[in-house]
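*Asks:* Sharing a structure, written as structure tokens. Questions coming.
Throughout, read-outs are computed from the coordinates displayed, never taken from laboratory work. Predicted, not measured: the structure shown is a model, and the values here were computed from it. Note: ideal-geometry Cβ built from the backbone for every residue, glycine included; neighbour counts use all protein chains shown.
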Amino acid sequence: MKKELTCIACPLGCTVTVTLKGKEIISVEGNTCPRGKEYAITECIAPVRTVTTTVKCTDGSLVAVKTARPIPKDKMMEAMRIINYTVATLPISVGDVIIEELFGSSVVATAEKQ
Ligand code: SF4
């Protein structure tokens with residue numbers, strides 16, 4: 001079976017074709033760099049995504065956050081539920097850890113809030 005993917009590892013968006021035999025990856029073609037091959041293999045075996053969203057602050061405003069590392073794609077909805085129940089204590093600096101552990105990553109602030 002052939003699976004065609006658009007690589008999202010950089011803005012070029014190369015079309016990468018993965019040939020699979022069952023769950024085994026036979027070949028990866030179309031990538032123009034090693035990151036594309038790595039992306040395609042991960043996408044076929046265990047897809048991951050970086051979550052970017054906002055968290056409520058103690059004063060009711062919102063602060064931008066993201067997962068420090070990509071998390072399993074099938075955990076994104078559960079991750080969003082946890083993030084939506086989180087309230088961050090002000091003041092917040094860029095890089096502050098808002099949630100320590102979320103499916104193998106932390107959630108960090110990407111903006112400042114006083
Ligand atoms: S294969 Fe390489 S160059 Fe192409 S989109 Fe992916 S990361 Fe970018």
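*Asks:* For region 52-109, what is the convex hull (Cα atoms) projected area averaged across all directions, in square nanometres?
*Replies:* 3.5 nm²
*Asks:* On C-alpha positions alone, give me the angle between the axis of helix 34-45 and the longest principal axis of the chain, in degrees, nearest 10.
*Replies:* 90 degrees
*Asks:* Next question. What is the extension gain from M1 to C44, computed as 0.36 nm multiplied by their sequence separation minus the C-alpha to C-alpha distance, in nm to one decimal?
*Replies:* That pair, M1 and C44, stretches by 14.3 nm at full extension.
*Asks:* At what distance in angstrom do the alpha carbon centres of region 33-58 and region 66-114 lie from each other?
*Replies:* If we compute the Cα centre of each part, the gap is 15 Å.
*Asks:* When the chain is fully extended, how far beyond the present Cα-Cα distance does T15 get from E100, taking 0.36 nm per residue of separation?
*Replies:* 27.1 nm
*Asks:* Another question, then. Taking the simple approach of a point 7 Å from Cα along Cα-to-Cβ for both E112 and T86, what is their distance in nm?
*Replies:* 2.1 nm
*Asks:* At a 10 Å Cβ-Cβ cut-off, how would you order S106, S27, fewest neighbours first?
*Replies:* S27, S106
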